[in-house]
Amino acid sequence: MSWWNKNKWKVIALLLIVVVLAAAFWYGGGAPGMQGWQVTNDAPAPAVDTASQNTPDGQTAQDNQSTEDAASKLGQDQAPDQPDEPSPADVGAPAEAGPPVGDDTPLETVPAAEGDSPDESIESRPGGLDGGMSASEKIAAAAELGGSDPDVPPGDKDYSEAQGMVIDPITGKDKYLTDPVPEGKPLPVEPQDAVFSDTIYTCTLSVRCDTILDNMDWLDPEKVELVPEDGVIFPSTQVTFYEGESVFNVLQREMKKAKIHMEFSDTPMYNSAYIEGINNLYEFDCGELSGWMYKVNGWFPNYGCSQYALQEGDEVAWMYTCDLGGDVGGYNAIGG
């Protein structure tokens, strides 16, 4: 018997094994460049048990997946505490223009839609119920309007500089963004520069909100009962003060003595206190152009109440405006 006949089955079996191993190597991903496998010089990364891997906050990967799934289920209802994102149609849309400040055009009532009750008519009102401008924006807007009582001239740069006011030639204002004052009017005294003494003087103080009586349809309905029938919150009264005290000092003390609510905030940009509310009547309660203003001896100062140093015999009047000063004659005033 020949060698082939004696060993042919062994040879065939060996060849079949080689073919099977080659096929497994080739199609199983072991061949370089095949099945997406690429040769690199980096050592293979160790296997990671994702089921038990901890995230920085202690959650497992499975927990994270559950959180992501829950968030995705919110869909168009965004997660709580997330502000609504503006739609593409809203981006760049022009804001609805309001009436010009000081415009005497009467308010218009938007007719109710067919089928609506008369109570559902919308009263046109600056800022709606919630108002719109911040204290600093309101101050800036007032400063830009210019003018004041008709008999009060505009600010005088030469006079103000001669009195010691340092005005930036670029901005035309001092370092606290105060414009020059009219000739003959006192310059602001910064609170940190005020000098007090034991000398006692007197001035007259009053607080009124009678402009609201003409605009009750603008007023926040929850504040109606806070408005006195005659609009007088604190009648014109002679009060005392120490030399060096400001309009703010006197208002704060007298409101406390009379048990009348008053709330203020500091405005560092203008280095002054800003009166937000008196008798629980706040800025924006009667439209976005509403808030508290003051005048001294008939002049609405163009700086804050804590910068106005009182003098003997001054007459200080606080009044609520519904039109950024236009309804009380104080266009060039700083509210509070």
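Using the structure shown, select from Lys157/Lys257; Lys157/Lys256; Lys173/Lys256; Lys223/Lys257; Lys173/Lys295; Lys175/Lys295 the pairs with a Cα to Cα distance greater than 28 angstrom. Over 28 Å apart, Cα to Cα: Lys157/Lys257; Lys157/Lys256; Lys173/Lys256. Direction-averaged projected area, Cα convex hull, region 135-321: 10.9 nm², rounded to one decimal. Inter-part distance, region 184-219 to region 257-336, computed on C-alpha centroids, equals 7 Å. Run the paramagnetic zone check for Asn280: 7 angstrom along Cα to Cβ, then residues of region 193-226 with backbone nitrogen under 15 Å. Of the residues in region 193-226, 220-226 have backbone N under 15 Å from the label point off Asn280.
As a rough guide to protection, the peptides 183-190, 7-14, 230-237 ranked by mean Cβ packing within 10 Å, highest first, stand as 183-190, 230-237, 7-14. Taking the Cα of Ser206, stepping 7 Å toward and past its beta carbon, and measuring to each backbone N in region 239-262: which are under 14 Å? Answer for this model: 239.
Working from Cα pairs under 8 Å separated by at least six residues, relative contact order for region 135-321 is 26 percent.
Our coupling estimate for region 277-293, obtained by passing each phi through the Karplus curve with A = 6.51, B = -1.76, C = 1.60 and θ = phi - 60°, is x, 9, 6, 6, 9, 10, 4, 6, 5, 10, x, 6, 9, 9, x, 9, 9 Hz, Gly and Pro reported as x. In vacuum, with every alpha carbon of region 224-336 counted as one equal point scatterer, what does the Debye formula give for log10 I(q)/I(0) at q = 0.10, 0.13 Å⁻¹? Two decimals, please. Values, matching the q order: -0.26, -0.46.
Quick note: the coordinates plus some simple rules give every number you see, no bench work behind them. What you see is a predicted model; the values in this text were computed from it and never measured. Positions of Cβ are backbone-derived with ideal geometry, glycine not excepted, and every protein chain shown enters the neighbour counts.
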